[in-house]
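Below: the structure, in structure tokens.
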Amino acid sequence: MKIELPSQPFRYVTENSKECDAETAFIKTKQNENYVEDAQKNGAHSIITASDIAPLFGVNRIKIIGITGTNGKTTTASAIYSMLLDLGYKAAMQGTRGFFLNDTVAEGKSLTTPSVLNTYRHIYQAVMAGCEYFVMEVSSHAIVQKRIEGIEFALKVLTNITQDHLDYHKSLEDYIYVKNSFFADESKKLINKDEPRAEFNYKNAFSYGAEHPATYKVMAYSLNEGVSAVIKHFEEVESFNSPMHGFFNLYNLTAAVAAVHLVTDKKLSEICEVVEHFGGVSGRMEKVSEEPLVIVDFAHTPDGMEQVLNALREKEILVVFGAGGDRDISKRPLMGKVASKFAKKIYVTSDNPRTEDPDKIIEDILKGIDDQSDVYVDVNRRNAIAKAIEDQNGDEIVLILGKGDEAYQIIYDKKLPFDDREVARELLAAR
């Protein structure tokens, strides 16, 4: 991708060495640094860094909020974005769901954190659209690969740190270090005080939590009909209500309220008033059907599964899930163990097996389930969902985990159409 930049010694910039010529500067990043020589051979005007051109994209003309964590990034980012819009601000959001500009979808889904140049391009579009805020998800891959180079954050937010991406990171300790490295500088930051693995620079640090003393402390809450909470900020006490469900969403919403309070001049009471307008994110605790109750969620880590299953623990749960191929193998038995702890019946199936044998992935999951008397195995995901819906009885909940709002199944190098929500609706209609 080439981008034209007027009034510069060069006419274009690119991250792709193949696109270089006498008018095009090559942006050297951690991801493409091995291609500098190739860029020069192609006649690149010059070799520059992302930081060199950041101001040209208006990076310093907008307040950027970055959210990282194993779980909750998408929901927290979306809640912040929604609240800012409801409070009358112009805002943009970039993340797993795509790129949103002032309440419109500007681009579809992509990487959680795109390349440096793509992020700069989105920031420029936001600035040109008059946005005051740019909300973005920051993945651990992006931190390691410096895909956030040149960006000064008005606020950095930590949701939590649990096991994920150990196929990429050398160990859990390495993954924890990477997440915490995002908070090592002196920029303004908002930390989940109840996350024991969090380490950060205390300068300009604020916190939120329900169990430990925090700058934004949850004093009381109810999870009966959605999420209701009373939060205290020094001497100020306010409450909010939300149609969303689950203890984990209490954290996501509290983080969002605190973040908006830290970056705007709005009163805490005004911010709490607009919380109820945010109904959640597609594919996150999404109700596909009320009777019977069928819920689809993106949870694909042991901790993510436990949070969702625990949120529904008052009901009997029939859970359908698998684990992604070519990804962290060690989490598979842990996912099986979590399912066996909370669910009445377990349906183990495929979830984007990629180049791995789906039967082998299922074997790994089953190693974590001691009593397999209530376990149904079918490598065909549609069949597994169909079996769970067929078995459902009375007030039992069918919970389909792992893919959320994904509309495909990755098998080898092919993306085949598959949407858990649509499949469930079709099966329910035929029931």
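Since every read-out is calculated from the coordinates, none of them should be taken as a lab result. All figures in this text were calculated on a predicted structure; none of them were measured in a lab. All Cβ positions, glycine included, derive from the backbone under ideal geometry; neighbour counts span all protein chains shown.
Most simply put, the chain has about 40% antiparallel DSSP beta bridges, counting only bridges with both residues inside it. Normalising the average separation of contacting C-alpha pairs (under 8 angstrom, six or more residues apart) by the number of residues puts the relative contact order of the stretch 2-54 at 32 percent. If a/c stays under 1.5 just call it rounded; otherwise compare a/b with b/c (prolate if a/b is bigger, oblate if not). Do that for the stretch 286-430, with a ≥ b ≥ c from the square roots of the Cα gyration tensor eigenvalues. Cα axes put the stretch 286-430 in the oblate bin. Extension gain, LYS232 to ASP391, is 52.7 nm, computed as 0.36 nm per intervening residue step minus the present C-alpha separation. Across ASN352, ASN32, ASN180, mean-square fluctuation computed from a Gaussian network of the chain (C-alpha pairs under 10 Å connected) peaks at ASN32. On full extension, the segment bounded by SER222 and ASN380 gains 53.0 nm, given 0.36 nm per residue less the C-alpha separation. Shape class of the stretch 61-277 from the Cα gyration tensor (axes a ≥ b ≥ c, square roots of the eigenvalues): oblate, since a/c reaches 1.5 or more and a/b does not exceed b/c.
Computed over the chain, the per-residue total of -39500 (n - 2.57) for DSSP H runs of n ≥ 4 gives a 222 nm mean residue ellipticity of -8500 deg cm²/dmol, rounded to 500. With both labels modelled 7 Å from their Cα along Cα-to-Cβ, the ARG425 to VAL36 distance reads 5.2 nm. Compared with the direct C-alpha span, the chain from LYS344 to TYR202 gains 46.7 nm at full extension, assuming 0.36 nm per residue. Rounded to the nearest 20 debye, the dipole size of the stretch 241-366 about its Cα centre is 260 debye, using +1 on the Cβ of Lys and Arg and -1 on the Cβ of Asp and Glu. Taking a ≥ b ≥ c as the square roots of the Cα gyration tensor eigenvalues, with a/c under 1.5 meaning rounded and otherwise prolate when a/b beats b/c, else oblate, which class fits the chain? Taking the square roots of the gyration eigenvalues as a ≥ b ≥ c, the chain is oblate. Comparing CYS20, CYS272, CYS131 in a Gaussian network model of the chain, where Cα atoms under 10 Å apart are tied by springs, the biggest mean-square fluctuation is seen for CYS20. Taking GluC sites (Glu not before Pro) across the stretch 232-322, the ones in a DSSP loop with at most 11 further Cβ atoms lying within 10 angstrom of their Cβ are GLU235, GLU290, GLU314. What does the charge count near LYS41 come to, summing +1 for each Lys or Arg and -1 for each Asp or Glu among other residues with Cβ under 12 Å from its Cβ? Residues close to LYS41 contribute a combined charge of -2.
With a cut-off of 12 Å on the backbone N, the residues of the stretch 276-292 near the modelled label site 7 Å out from ASN241 along Cα-Cβ are 276-277. When peptides 331-341, 146-156, 295-305 are sorted by average Cβ neighbour count within 10 Å, with the highest value leading, the order is 295-305, 331-341, 146-156.
Placing +1 on the Cβ of every Lys and Arg and -1 on the Cβ of every Asp and Glu, with no other charges, gives the stretch 32-183 a dipole of roughly 260 debye about its Cα centre.
Only the Cβ atoms of Lys and Arg (+1) and of Asp and Glu (-1) were treated as charged; on that basis the dipole of the chain about its Cα centre amounts to roughly 720 debye. Within the straight-line cut-off of under 16 Å between alpha carbons, the lysines reachable from LYS337 are LYS345, LYS367, sequence neighbours fewer than 8 places apart in one chain being disregarded. Since only ILE123, MET83, ILE389 are under comparison, the one whose Cα sits farthest along the positive direction of the charge dipole of the chain, derived from C-beta charges on Lys, Arg, Asp and Glu, is ILE123. Hey, what did the stretch 129-233 get for relative contact order, percent, Cα under 8 Å, at least 6 apart? Over the stretch 129-233, the number comes to 18 percent. Structure remark: mean-square fluctuation, Gaussian network model of the chain, C-alpha springs under 10 Å; the largest value among TYR133, TYR251, TYR221 belongs to TYR221.
In straight-distance terms, cross-link reach from LYS189 covers every one of the lysines whose alpha-carbon lies under 23 Å from its own, apart from those fewer than eight places away in the same chain; here that gives LYS63, LYS73, LYS90, LYS146, LYS156, LYS179, LYS203, LYS217, LYS232, LYS266, LYS267. Using the Cβ-Cβ distance between LYS360 and LYS18 with R0 set to 35 Å, the FRET efficiency works out to roughly 0.40. Note: relative contact order over the chain, using C-alpha pairs below 8 Å and six or more positions apart, is 11 percent.
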